[in-house]
Amino acid sequence: MPIELRVNGRERTVDAEPDTPLLWVLRDELGLKGTKFGCGIGQCGACTVHVSGEALRSCSTPVEAVADREITTIEGMVDANGALHPVQQAWIEHNVPQCGYCQSGQIMAAAALLGRNPSPDDETITAVMSGNLCRCGTYPRIHAAIRSLRESGEAAGEQSS
Amino acid sequence: MKLSRREFIKAGGTGSGALVIGLTLPGCSRSGGPRITEDGSWTPNAWLVLDGSGDVTFTLDRVEMGQGTYTGLTTLVAEELDVHPESVRIIFAPVGDAYANPEYILQVTGGSTSLATSWERLRKAGAGARALLVKAAAEVWQVEPGDIRTDEGALYHPDGTQTMAYSDVVELAARQRMPDEIPLKLPENFRYIGRHDKRLDAYAKVTGRAVYGLDVERPDMVYAVVSRPPRVGAKVDAVDDSAALAQKGVVDVFTIERGVAVVADSYWHARKAQEKLRIEWDERDAFRGDHESIFQDYRKAADDSRGDTERSNGNARSVLRRADRVFTAEYEAPFLAHATMEPQNCTAEVTARGLEIWAPTQAPDIARIAAARVTAFSPGDIEVHTTFLGGGFGRRLTQEYVEEAAAIAEKLDRPVKLIWSREEDIRHDMYRPGMLHRFQASLNGEGIEAWDHQITGPLIFDYFARNAAATQYPWVPRFLYDTMARVGRLTEGTFLTPKDHSAIEGAVEVPYGAPNILVRHTQADAGVPISYWRAVGHSHNGFAVETFMDELAHEAGVDPVEFRLRHLTDKPRHRAVLEKVAEAADWKGSMNEDHARGVAVHWSFGSYVAQIVEASIENQRILVHRVSCAIDCGQIVNPDIVRMQMESGINFGLSAALHGRIDWDEGRVRQSNFHDYRLLQQDESPAMDIVLVDSEEDPSGVGEPGLPPVIPALGNALFALTGKRQRSTPFVADPGETS
């Protein structure tokens, strides 16, 4: 059945059963393959997208649940002029990606965190980002990249490590 | 790895005036050197193509799975060609003779060999191209080639005023004769090697544009899933597919060698239909064991057979028989899944030319044989496109997903993408083999007098050879593939087949000086499919050897770092990393009184790594606070990639040390997804400091060597903390009284 979606600022109509996970609609109906399939049960975070600015696991979200909501994927993080989102830029500067497969989800999770809390302390970064698995173990760099983006780094408990 | 005397860097031109640099392998070639088509579009065995528009295209013949070949190997070529690494266009290599890994004579990315085996060849390829460009420019300007300077893709006239771009002379360069000797830069003149740190794949990977196997898109493509036997050795007996076929979007359901395939117009439709399949399995010959039964069998095998002697110095047996006191220990390393973040997948399509395969594979040439094995296509009719890999760690050296996708595609008239679920990925992995280790040792004062290490468990080559053996002889008929594997097995250790070190590597090279050393392997195989897993034998031998070494240090009453150093008198590179890591971690310095430190040092894949772990236990939970790491991997091409690989190996090892274990309920794999096959997560990742040791040795591996020491270093820290020895992984807060 046709379902109306707003993805990366565009109105899209897809033909899918209401229980189809958003992930497969994004990837295979809309061709937005930057969002990855990792586990299918919301355990790894590779499929993380933003729905109304909040991080959400698209692999375990039925598409009908997000109709008419604002959905942003990794493809929507680059602005109209091709400029990268600050989180993407920090990821490059800190040489975060290795195999890179989980990084779309990591970036979406980090951007959502910074969106609601521009100065997360170290513990908050750790706690929030613990929901996104990385088999290459890029965690120290993910942590460092997010720290580099927070406002008033000192006040938020900057420490050397 | 030196350039073989039988290999030559060759140049050629194309009809469109491009310069092509490749490799020929005279005498043993399967398809000749760089053959060039008129339009220059197809250049088998080429590494570099420089065209008149200024593009430099590098064919990357080692896959990028996170370890950094995309950046590292490009840096080698760019350095000698005098172009900026970021200006090089990189494509993934098709199957080609020149792309074979000289270490294995297979087009394999593994064994932490990519930089070591490319170090000379790719620099020569870059230098050869530069030499021809310079000769061409010398002809144009009528000056001595030696007086021409090159930089960032441009040639500079000795008069200091005239310049030309490489693209201005590529056509002329292609007609120059390649010099017999191609000199390479001296290290002091390196501009990118040792300095270039920016990953060339980072932009694609932070924007979601990198194409992994799972992202391959073909027109009119359908999706497939496969139901595989729930127990190893089971077979399909009967299938009731009526309910599945009635599901929306289902294209077909049929049985292939490895299970029952469901093909549908979308992945989700295929999955939903798969749930409706009713399959009866013939489980008469199926595996019904579990971790305990396998290790019971290992113990019995170890009791019954002394095994093959793999190293012997002095006479450890008789010394141990006479010793006043013999120290013994037994360690268990369980079966482990690879759990790459990208689940296994493959896209296949029958075309007018043959069969096309798109796969995230570590071995495109073995993928080709795997596809030929299960279809009517010959290897020559099969083209393999390699994508970015969402993790490898050895998982993608075997090609079951390619076999499945090829078999499915042959029955369809349109392209098909096969996707494994995470549950299928965990339950149908080719696992890191579980291994049993037994030690006996005696001390002479504070030194080791005799060391006897018995390793019991299976050999990986028995599983890998199935397709790999035939890959080395792709012209043999399909019905001989299994024969090739058996011959390969029978001739192991001869000139035909190298010895399988998978069970013993990291144990036979025990670096510690002792007059009597015995290392032996007792074969025992539960029949559970196994394969290479990051660091392979070093992953369990490192744990066993470095834990036992710690036990002996404790028995001798000597500090663990000091005890190791005393047994490394003639091992300067081991000593250096150990001393550097002790300094970095402030080994003897104070720390939180609830914390403790443990140490390990291990050589693997040509590199020396020492690590010190600081850990504690709080509320019955093991906490890893800091890992200090020193590595000597010879000359370093991209320093930050070396650091990244150390961080990666450490966290991969900690996943195994804290969580990793595959077990079975009467032959059915118990774990299924990340909730019960846990990976290390952000809140478990320790602080790390990585020390890179200066070296002028040739480069050696970094993808795997960071892993082996971290497991024993953590276990040794927990012993220092609790007085209880961790003799099996994953570690537990309270392992009970063990000594």
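When you look at B:Gly233, is it more than 26 Å from B:Val253 (Cβ to Cβ), more than 9 Å from chain A (Cβ to nearest Cβ) and open to solvent by 20 Å² or more (accessible area, probe 1.4 Å), yes or no?
Numbers: more than 26 Å from B:Val253 (Cβ to Cβ): no; more than 9 Å from chain A (Cβ to nearest Cβ): yes; open to solvent by 20 Å² or more (accessible area, probe 1.4 Å): yes.
Taking the combined requirement at face value, the residue does not satisfy it.
Summed over the range B:187-222, residues that are open to solvent by less than 50 Å² (accessible area, probe 1.4 Å), more than 7 Å from every other protein chain (Cβ to nearest Cβ) and more than 22 Å from B:Leu122 (Cβ to Cβ) total 4. When the residues of the range B:417-436 are filtered to those that are touching a Phe, Trp or Tyr at 6+ places or on another chain (Cβ under 6 Å) and under 16 Å from B:Gly394 (Cβ atoms), the one that is nearest to the other protein chains (Cβ to nearest Cβ) is B:Ile426. For the range B:400-454, give me each residue that is of a type in the set (Ser, Thr, Tyr) and open to solvent by less than 10 Å² (accessible area, probe 1.4 Å). Those that are of a type in the set (Ser, Thr, Tyr) and open to solvent by less than 10 Å² (accessible area, probe 1.4 Å): B:Tyr401, B:Tyr431, B:Ser442.
Tell me yes or no: at least one residue of the range B:346-358 is within 14 Å of chain A (Cβ to nearest Cβ) and in contact with a helix residue (DSSP H, G or I) (Cβ under 9 Å, 6 or more places away or on another chain).
The first filter runs over the range B:346-358 and keeps only residues within 14 Å of chain A (Cβ to nearest Cβ), leaving B:347, B:358.
Now narrow it down to the ones that are in contact with a helix residue (DSSP H, G or I) (Cβ under 9 Å, 6 or more places away or on another chain): B:347, B:358.
Within the range B:346-358 (the criterion being within 14 Å of chain A (Cβ to nearest Cβ) and in contact with a helix residue (DSSP H, G or I) (Cβ under 9 Å, 6 or more places away or on another chain)), the answer is yes, since at least one residue qualifies.
Listed by position, the helices (runs of 4 or more DSSP H) inside the range B:237-321 whose residues that are surrounded by 18 or more Cβ atoms within 10 Å (Cβ to Cβ) number at least 3 are B:267-274, B:291-304. Any residue at all in the range B:620-641 that is over 28 Å from B:Asp197 (Cβ atoms), touching a strand residue (DSSP E or B) at 6+ places or on another chain (Cβ under 7 Å), modelled with pLDDT of 95 or more and part of a strand (DSSP E or B)? Checked the range B:620-641: at least one residue is over 28 Å from B:Asp197 (Cβ atoms), touching a strand residue (DSSP E or B) at 6+ places or on another chain (Cβ under 7 Å), modelled with pLDDT of 95 or more and part of a strand (DSSP E or B).
Among the listed residues A:Glu64, A:Glu75, which satisfies the condition of being more than 10 Å from every other protein chain (Cβ to nearest Cβ), in a helix (DSSP H, G or I) and open to solvent by 10 Å² or more (accessible area, probe 1.4 Å)? Step through it out loud before you land on a result.
On the way: A:Glu75 fails: more than 10 Å from every other protein chain (Cβ to nearest Cβ).
Answer to the selection: A:Glu64.
Of all residues in the range B:451-465, exactly one satisfies the criterion of being modelled with pLDDT of 95 or more, out of contact with any Phe, Trp or Tyr (no Cβ under 9 Å at 6 or more places or on another chain) and not in a loop (DSSP other than H, G, I, E, B), namely B:Ile455.
Using the structure shown, decide if A:Val96 is at negative phi and either more than 8 Å from chain B (Cβ to nearest Cβ) or open to solvent by less than 10 Å² (accessible area, probe 1.4 Å) (or both). Judged against the criteria, A:Val96 is a match.
Matching residues to (1) open to solvent by 30 Å² or more (accessible area, probe 1.4 Å); (2) out of contact with any Gly (no Cβ under 8 Å at 6 or more places or on another chain); (3) modelled with pLDDT under 95; (4) basic (Lys, Arg):
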residue: B:Gly66; (1), (2), (3), (4): no, no, no, no
residue: B:Thr69; (1), (2), (3), (4): no, yes, no, no
residue: B:Phe92; (1), (2), (3), (4): yes, yes, no, no
residue: B:Gly96; (1), (2), (3), (4): no, yes, yes, no
residue: B:Ala100; (1), (2), (3), (4): no, yes, yes, no
residue: B:Trp141; (1), (2), (3), (4): yes, yes, no, no
residue: B:Pro158; (1), (2), (3), (4): yes, yes, no, no
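Applying the set (1) in contact with a strand residue (DSSP E or B) (Cβ under 7 Å, 6 or more places away or on another chain); (2) assigned to a loop (DSSP other than H, G, I, E, B); (3) within 14 Å of chain A (Cβ to nearest Cβ); (4) open to solvent by 10 Å² or more (accessible area, probe 1.4 Å) to B:Arg678 leaves exactly one unmet item: (1). Name the residues in the range B:554-581 that are open to solvent by less than 20 Å² (accessible area, probe 1.4 Å) and closer than 17 Å to B:Asp689 by Cβ, would you? Correct list: B:Val561, B:Val577, B:Leu578, B:Val581. Considered as a group, the residues in the range A:13-53 that are open to solvent by 40 Å² or more (accessible area, probe 1.4 Å) and either in the same structural domain as A:Ala109 (by TED's automatic domain parsing) or in contact (Cβ under 8 Å) with a residue 60 or more places away in the chain (or both) include one that is farthest from A:Ala112 (Cα to Cα), and that residue is A:Gln43.
Matching residues to (1) within 29 Å of B:Pro572 (Cα to Cα); (2) in contact (Cβ under 8 Å) with a residue 40 or more places away in the chain:
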site: B:Gly649; (1), (2): yes, yes
site: B:His659; (1), (2): no, yes
site: B:Arg668; (1), (2): no, yes
site: B:Leu679; (1), (2): no, yes
site: B:Asp683; (1), (2): no, no
site: B:Leu692; (1), (2): yes, yes
site: B:Val702; (1), (2): yes, yes
site: B:Pro712; (1), (2): yes, yes
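Would you confirm, using the coordinates I've provided, whether B:Ala137 is open to solvent by less than 30 Å² (accessible area, probe 1.4 Å), at pLDDT 95 or above and either closer than 19 Å to B:Thr74 by Cα or among the acidic types (Asp, Glu) (or both)? Judged against the criteria, B:Ala137 is not a match. Here is the figure for the range A:118-161: residues that are of a type outside the set (A, V, I, L, M) and modelled with pLDDT of 95 or more total 22.
Within the range A:108-127, the residues that satisfy the criterion of being under 13 Å from A:Arg147 (Cα atoms) and within 10 Å of another protein chain (Cβ to nearest Cβ) are A:Glu123, A:Ile125, A:Thr126. A search for C-beta distances below 7 Å between a residue of the range B:525-547 that is free of Cβ contacts under 8 Å to residues at least 24 places away in the same chain and any residue that is open to solvent by less than 10 Å² (accessible area, probe 1.4 Å), counting only pairs 6+ apart in sequence or on different chains, returns nothing.
The values are calculated or read from the model by the stated rules, or taken from the named source; none is laboratory data. This is a predicted model, so every value here is computed, not measured. Every residue, glycine among them, receives a Cβ derived from its backbone with ideal geometry; neighbour counts consider all protein chains shown. All accessible areas refer to the heavy atoms of the entire protein, side chains included, with ligands and DNA or RNA removed. Shrake-Rupley method; radii C 1.70, N 1.55, O 1.52, S 1.80 Å.
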